[in-house]
Amino acid sequence: MPRKVLVFGATGEIGGRIARLCADAGHHVTGVSRGVNTRPVVDLTGIEMLHGSKLDPVFLQQVCAPCKPDVVIDSVPSIEAGDLLWRHLRGAGNFFFCSSTGRYVPLQVLPADESHPWREPTPVNFQRQCAMDSHFLDRWEREQFPVTLFCPTNIIGEHRVPLDLWGGRDIGFFKRLKTHQPVPLVPCGHVLVQSGYNWDLASAFARAVDHPDAVRGETFIISCKRAITLDRYLETARAFLNSRSEIVPVTPDKLIETIPTVRMRHGLEFLLEHMCFDIGKAERVLGYAPTHTTEQGLIKALAWCVETGLL
Ligand SMILES: NC(=O)c1ccc[n+]([C@@H]2O[C@H](COP(=O)([O-])OP(=O)(O)OC[C@H]3O[C@@H](n4cnc5c(N)ncnc54)[C@H](OP(=O)(O)O)[C@@H]3O)[C@@H](O)[C@H]2O)c1
């Protein structure tokens, strides 16, 4: 059944793809952004765009509320924005917010599913995300705020430099590989990584629009089907770039000294955590069916970097 969907962040990497897929599925989609994003955007033909900030109550009340959405989606939520959306768009029966699997680390069980502990702070988890997710799920418990949380793993695909093995998204890492320069690396080949292809991740939100009653108060981990080792990830990049680079094992301190852009917190430390998730709940409840493996997503991302001259 066609539904009215209001997508905040519709010019973003995931938000744009959510808007596109919802429109292609026959829903009436309205996108919202401030109109300042300069990153590449997917084709939004046929999607009405509203320009304003989700943090502006007057904009929400006077411009967004008259759309009378059935579903409100925010690809980059915050507590403040989520509370404002709930206050001003109360008629909507579903609110879909994007979170992150970064809330679960360090993993105690592999593959981890939605029952994995996440509410307690750890030295490496995304505490801002945990605080936000707790806030919204508590509001669901207390006052039936009809929220659904989607937790993607690291995002991969066209329109973004892929994760590098320094724990960031530094095109310089892949440039070294492409030009056969030595690449300093903290030994990490055994660590597991699981990337979600951007269109696949967006498809989970679009599918959830068709399951309004089954998803309220629920969390869904979304990614590709299986984790791979960082060794395999690196070999995929090397093969695509025909790289003959020597890999030079270094300590974290030495890496930071050599590559000043490397960060420990939410960077290298996070890369060294296993990422290995079970997407079975999204498959069962939403019919989520990812089309790309981590390797295929990585090749799409690198091909895009080459095509656009970044690499
Ligand atoms: N990167 C990863 O590997 C990773 C992993 C797990 C989870 N995640 C999560 O995945 C999500 C990524 O979403 P995305 O790719 O769509 O983000 P994105 O590409 O950064 O896009 C952000 C969107 O939000 C809009 N926006 C920002 N502030 C706004 C405001 N105040 N009012 C209205 N619109 C606003 C932006 O447009 P304007 O600036 O023009 O307003 C843009 O359309 C994030 O929630 C992130 O935490 C990321």
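The values are calculated or read from the model by the stated rules, or taken from the named source; none is laboratory data. Fair warning: this is a prediction, and the values are worked out from it, not measured in the lab. Neighbour counts are summed over all protein chains in view; Cβ atoms, including those assigned to glycine, are modelled from backbone coordinates with ideal geometry. Accessible surface areas use protein heavy atoms only, side chains included; no ligands, DNA or RNA. Shrake-Rupley method; radii C 1.70, N 1.55, O 1.52, S 1.80 Å.
Numbers for the structure displayed
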item	result
Checklist (1) in a helix (DSSP H, G or I); (2) in contact (Cβ under 8 Å) with a residue 24 or more places away in the chain applied to residue 66, failing item	(2)
The lone exception for residue 213 - which of (1) without any contact (Cβ under 8 Å) to a residue 12 or more places away in the chain; (2) at positive phi it fails	(2)
Residue in region 131-138 that is without any contact (Cβ under 8 Å) to a residue 12 or more places away in the chain and farther than 23 Å from residue 225 by Cα present	yes
Failed item in (1) within 10 Å of the ligand (Cβ to nearest atom); (2) touching a Gly at 6+ places or on another chain (Cβ under 8 Å); (3) modelled with pLDDT of 95 or more; (4) among the hydrophobic types (A, V, I, L, M, F, W, C), with residue 41 passing the rest	(3)
Matching residues in region 1-17 - criterion: being assigned to a strand (DSSP E or B) and either open to solvent by 10 Å² or more (accessible area, probe 1.4 Å) or touching a Lys or Arg at 6+ places or on another chain (Cβ under 8 Å) (or both)	4, 8
Odd one out for residue 225, checked against (1) surrounded by fewer than 24 Cβ atoms within 10 Å (Cβ to Cβ); (2) part of a helix (DSSP H, G or I)	(2)
Wholly within region 109-217, helices (runs of 4 or more DSSP H) carrying at least 2 residues that are farther than 23 Å from residue 12 by Cβ and more than 15 Å from the ligand (Cβ to nearest atom)	127-143, 171-178
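To keep it simple, each residue is scored yes or no on (1) open to solvent by 10 Å² or more (accessible area, probe 1.4 Å); (2) near the ligand (Cβ under 8 Å from one of its atoms).
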{"position": "19", "(1), (2)": "no, no"}
{"position": "46", "(1), (2)": "yes, no"}
{"position": "50", "(1), (2)": "yes, no"}
{"position": "57", "(1), (2)": "yes, no"}
{"position": "63", "(1), (2)": "yes, no"}
{"position": "81", "(1), (2)": "no, yes"}
